[in-house]
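Nothing in this text is a laboratory measurement; each read-out follows from the coordinates by a stated rule. None of these values were measured; they are calculated from a predicted model. Cβ atoms come from the backbone with ideal geometry, glycine included; neighbour counts cover every protein chain shown.
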Amino acid sequence: MATVTIEKSDLERLAEFTKNTNWLLENVENLRAKYPDRYVAVLDSGNQVLDAQTLEELTEKIHQRARDPETCAIEFVTRERYLLLL
Amino acid sequence: MARSRLKDGRLQRIKVTAIKGEHCIVTALFVCDHLGIKTPQKFIVDTGSVHTTVPETKAREMGVDLEILDKYKVKIRMGGIGGVADARMLGNVRLVFTATDNSSVEEKLQSVVVLRDPVICSEEERNILRTFPCILGLDIIRRFTLRFEEKNFAYLERETAIAGS
């Protein structure tokens with residue numbers, strides 16, 4: 001079976017995704033106030049936040065900025081806070 | 001207290017974001033060799049889940065052909081507070097974490113659960129499900145100690161022997 005090689009660039013993508021994800025987690029209440037019931041994408045550790053009504057529209061905005069959606073933290077920010085009951 | 005090196009080994013530490021009142025979140029590269037998948041994913045650290053689990057929507061986004069899984073792989077039933085759902089098993093998965101010393105920590109899993117999405121009742125449900133994270137289950141968590149140390153952070157950590165020690 002072919003093995004996928006993990007390149008340095010993959011780990012860099014993971015690092016970027018992690019920074020964006022952590023920024024989103026720390027700032028989700030601010031995002032909720034600003035973008036209720038919208039999809040948001042966090043780029044550049046929170047220096048850029050994109051929003052859209054649909055995930056397709058948001059993905060298009062990310063592509064327009066020549067960015068990789070896989071490195072962005074993408075979330076649907078609900079108007080009201082909720083917790084998952086797993 | 002920050003822990004660093006032990007006498008006869010190295011302490012591997014993976015940082016988990018654990019904001020008070022929120023779920024514990026960790027990120028990793030999700031790798032599936034036979035499908036050529038390697039993509040960064042967000043995981044809820046869930047000690048109540050036996051298996052590491054990927055929602056159907058996320059699996060499709062990653063390029064998993066669920067129809068093939070339906071045809072050839074083991075199907076199971078999963079139950080929880082939200083009800084019961086069908087699931088499939090996706091084999092030969094690796095999760096690659098980044099430790100606090102920037103080294104890579106690779107964890108192999110014979111299989112992960114791909115959970116079928118529930119019947120959607122509202123637009124809000126649909127939207128939430130589309131960005132629903134993966135779940136890091138006990139099959140990975142129990143390989144580590146989960147330690148809550150600092151405000152907003154926890155660590156998955158374990159000692160590893162240094163070669164020759």
**OP:** For a label point 7 Å from the Cα of residue B:33 along Cα→C-beta, name the residues of the stretch A:1-34 whose backbone N is under 14 Å from it.
**Re:** A:1-6
Original post:
If R0 is 22 Å, what FRET efficiency do you get for residue B:138 and residue B:101 from their C-beta distance, rounded to 0.05?
Top reply: 0.30
**OP:** Write down Rg/Rh for the protein assembly as shown, rounded to two decimals, with Rg from the C-alpha atoms and Rh from the Kirkwood relation over Cα pairs.
**Re:** 0.95
Original post:
Once the piece of chain linking residue B:126 and residue B:108 is laid out straight, how much longer is it, given 0.36 nm per residue of separation minus the C-alpha distance between them?
Top reply: 3.4 nm
**OP:** For the protein assembly as shown, build the charge dipole from Cβ charges (+1 Lys, Arg; -1 Asp, Glu) around the Cα centre, then report which of B:144, A:36, A:5 sits farthest towards its positive end.
**Re:** B:144
**OP:** Using only the Cα atoms of the stretch A:1-84, construct the convex hull and provide its projected area averaged over every direction, in square nanometres to one decimal.
**Re:** 7.1
**OP:** Pull up all non-local amide H partners of residue B:24: gap of 5 or more, or a different chain, and H-to-H distance under 5 Å with H placed in the peptide plane.
**Re:** B:45
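Beyond 19 Å, what percent of the Cα pairs of the stretch B:9-155 remain?
Details: 5751 of 10731 pairs.
For the stretch B:9-155, the fraction of Cα-Cα distances above 19 Å is 54 percent.
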Original post:
On a 0 to 90 degree scale, rounded to 10, what angle separates helix A:8-34 from the longest Cα axis of chain A?
Top reply: 0
